[in-house]
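Before any comments, here is the structure.
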Amino acid sequence: MVGKEYNAPILAGVVGWPVSHSLSPLIHGEWAKRAGITGRYVQIPVESEYDEFARAMDDLKSQGLKGVNVTIPHKEHALRYADLASDVAKRVGAANMLTFGEKTYAENSDVIGFETALGQQLGMSSGRTSALILGAGGAARGVAAALRNIGFLDIEITNRTREKAEIVAALFGMGVIDWEKRNERLPAASVVVNTTSLGMTGQPPLELDWNRLRPGAIVADIVYSPLQTPLLKAAINRGHLTIDGLAMLMHQAVPGFKAWFGGDAVVDDDLRAILVAALKKQGRA
Ligand code: ATR
């Protein structure tokens, strides 16, 4: 007797520390449901050292995972671990996606995630080409790469620790502003992006002179807990278009889903509503 064909579920996941609050399983779960794909996308806590990360990746590969998203503190480890990497990942110096195969391939979809979210707000005829990036960590590098890809010509970066801003500025041909002088740059910037942890739940707010924001400037914040940071709240109250961390999170997930589960991945209001509900349930929205 011939039995029913067995479809093994496609496996993927997110690796980080901590990772228990990750919304990525919800995003991939929703897309798998929509596409009728049998898949599992799991949270994989891996402690912070490279050796542990590498061991875990070897293990996941041998267990048949198609790939993983990688989050804090492993994005640089992911690039180091991979056999091959995209130009974007190499340029940023970090990867948030590993795809397992004969060779392990590193990608940085944070860049396309921010590009897509910003592209939607910019619309067709924006004429906006100047930007200010606050912060100089890994997220700032991704944002800088995205702004350059979109064609922003005049980008300045400011960071509490100036030396770190100088390193990122040299990589992407940007100017550096002293952290104490960040407000002076606001009138010139048509896009302002917070990549610092300021404004996150439990952190101090980002101090910025909202009144100096240029009319029509777009304000983005990579923080998504709380969903409406003090920065975004002030920007919305002044009538600015904004991009929140959830928009970036949803868009960065698209390439992973397509690569591992092989289905369509659409970012829409329904998906957003699922994530907002989850954040509220966790008391984080
Ligand atoms: P990620 O890789 O996610 O960007 P990170 O490397 O920890 O995270 O970067 C955090 C950013 O927030 C840094 O730019 C950091 O500034 P420093 O380079 O001076 O540390 C910034 N940041 C964190 N706390 C801050 C604070 N209290 N005031 C100003 N900037 C702060």
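The values are calculated or read from the model by the stated rules, or taken from the named source; none is laboratory data. Predicted, not measured: the structure shown is a model, and the values here were computed from it. Cβ coordinates were reconstructed from backbone atoms using ideal geometry, including for glycine residues, and neighbour counts include every protein chain displayed. Just so you know, the surface numbers come from the protein's heavy atoms only, side chains and all, with ligands and any DNA or RNA stripped out. Shrake-Rupley method; radii C 1.70, N 1.55, O 1.52, S 1.80 Å.
Computed values, structure above
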item: Amide proton proximity set for V70, modelled H, under 5 Å, gap of 5+; result: V15, M97, L98
item: Gain in span if fully extended, S62 to W210, counting 0.36 nm per residue against the direct Cα distance; result: 48.1 nm
item: Stretch gain in nm, segment R238-W179, where the contour uses 0.36 nm per residue and the Cα spacing is subtracted; result: 18.9 nm
item: Distance between modelled label sites at L153 and R55, nm, 7 Å Cα→Cβ extension; result: 5.3
item: Nitroxide proxy distance, nm - points 7 Å out along Cα→Cβ at T129 and K281; result: 4.7
item: Rounded to whole Hz, the Karplus (6.51, -1.76, 1.60) HN-Hα couplings of the range 62-72, x for glycine and proline; result: 6, 7, x, 5, 6, x, 9, 7, 10, 10, 3
item: Accessible-area composition of the chain, carbon plus sulfur, in percent [1.4 Å probe]; result: 50
item: Pair K103, D269: separation of 7 Å Cα→Cβ label points (nm); result: 4.4
item: K61 accessible area, 1.4 Å probe, all protein chains in place, Å² to nearest 10; result: 70
item: Using alpha-carbon coordinates, inclination of helix 245-260 to the longest axis of the chain, degrees; result: 30
item: Per residue Cα convex hull volume in Å³ - calculated over the chain; result: 141
item: Accessible area in square angstrom per residue, the range 164-214, 1.4 angstrom probe; result: 49
item: Degrees between helix 269-281 axis and first principal axis of the chain (Cα, 0 to 90, nearest 10); result: 90
item: Contour minus Cα-Cα distance for H21 and K90 (0.36 nm per residue); result: 22.1 nm
item: C-alpha center-to-center spacing [the range 229-285, the range 153-192] in angstrom; result: 26
item: The range 46-134, accessible area per residue, ligands and nucleic acids excluded (1.4 Å, Å²); result: 48
item: GluC sites (Glu not before Pro) within the range 8-54, DSSP loop, no more than 13 other Cβ atoms inside 10 Å; result: E47, E49
item: Candidates per chymotrypsin sites (Phe, Trp or Tyr not before Pro) in the range 1-62, loop by DSSP, up to 14 other Cβ within 10 Å; result: Y6
